[in-house]
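Input: a single structure, listed below in structure tokens.
Each reported figure results from applying straightforward, stated rules to the coordinates on display, with no laboratory input. These numbers were taken from a predicted model, which means no experiment stands behind them. Here Cβ is always computed from backbone atoms with ideal geometry, including for glycine, and neighbour counts include all displayed protein chains.
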Amino acid sequence: MLCAKTAGKKSRTIRSDLTLQHGRKKESVTTDNAVLNNFSTLSGVMVTAMVPAKKAGNKVKAWITMQKFALLRRKSAVFVAGLIGCLAFISTSRALAGRLLTVRLGGDSLETRLVIDLDRSVSGKVEGSESTDHTVILTLPGVESVNVTQGSGQGLVRAWSVSRSPFGAKLKIELVSSASVKRRFVLPPADGVENYRYVLDLAVAKSEAEPAESRGRTGMSRPRGLRLASLSAARRDPAYAFKKTVVIDAGHGGRDPGARGAEGAEKDVTLASARALKARLERSGKYIVVMTRDTDRYVPLETRVQIARQADADLFISLHADSGPDASTRGASVYTLADRAASRSARLVSKDDWFMKASLQGDRGVSGILFDLTQRATKNRSATFAELLLERLSENQTLLRRSHREAGLAVLLAPDVPAVLLEMGFITSPDDEAVLMDSKGREKLTGAVADAIEAYFAHETRLASR
């Protein structure tokens, strides 16, 4: 123990348990209490020797300086590592960002399709459709790189422009007249097309559209003597703007009786079922229902497809009853268009169709591309509805073992109207015929069809809102 004095004043006696090894001699030291505290705190070790106070103080101060420098160096290394990590994250984020390649247009003053070519899939969002200033704004999250910024319009589109926002690219579409987004979807790379395509379909407001009874979007005049059943002038009322149009086709009719059962003919069963389904849908107040025939008369197959297209149908359902040599065979089934028959749709297309009139700087191949895009999207929607329909029917009806089938049936050939043909059961089966001939049985069956229609449009709405 040593005593230290300053200016004649006795200082506090400090006992140090710190000893430093110094050669072979050991000396007790009195040192500054703060230095000892710093030293013991930073070192975390006990040194076993005693050295002269001056030398010990110098060594402690040198050691503290080295520790501070080492700590600063570690902090700098952490900062640099963090900075490198941030730069790497930013670089990766930019690498993952989407790129807008081109914007293409096709169509006429009734319906226009806008195709956005992208290097990856994007979930777009329509922020708003301003009917007052005729604009539609589409946000494409994650799209940062833009190859094109603006262009002139076609059909319903006056012009378009692309700008960047904090959340991605923003496409502003200026419209010629009041129009709405009818549908939108994304097509992946396929059939030689290497990029993704975001498709936006615009349709003129129904209040401004040309009456469907006199001339449809196909530009074809109504076949002589043909009346669009149940399509009244009220369809053009603004209150109908958000209603879906469903076309119900009662199979056969007139001189074509269809299959025959023990109690009746197919044409009578299909007409009765079509009327029951029409009544069920109209009670909901959500649909405009069009029938290809509402009496016992013959309607050519191609005319049935024309009726659906002229009515601007959102869905087409053809009702039939199956038949077979074995009376024990029974069950419902649903048909959609087979791929091998898709090429036959071209003969139903008029040169005045919007996708046939599309011409981008003289590129004649664009019309074919838009036709293929339209048909592929239609087939996907048809398949979706077919699965929903079978799901609802299975709750109360017997289904065939292979209940979803594909065929090149003429009534399914419309390239722009989702369509299915429903075989409600076998009219040659006593059990199925009993259901089809009974009004309560038909009501239960058409109720399942109506539920499937409701589920289908709810599904379409969810897809469009993504």
Test of understanding: ordering Lys286, Lys379 by Cβ neighbours within 10 Å, fewest first, what list do you get?
Lys286, Lys379
Let me have the relative contact order for the range 240-465, percent, based on Cα pairs under 8 Å that are six or more residues apart.
29 percent
Cα-centre dipole for the range 240-465 with unit charges at Cβ (Lys and Arg positive, Asp and Glu negative), debye to 20
480 debye
For the pairs Lys286/Lys444; Lys379/Lys444; Lys243/Lys267, flag any whose C-alpha to C-alpha distance is greater than 23 Å.
Lys379/Lys444; Lys243/Lys267
Output for the range 240-465 (equivalent-ellipsoid semi-axes, sqrt of 5λ from the C-alpha gyration tensor, Å, descending) is 31, 19, 17
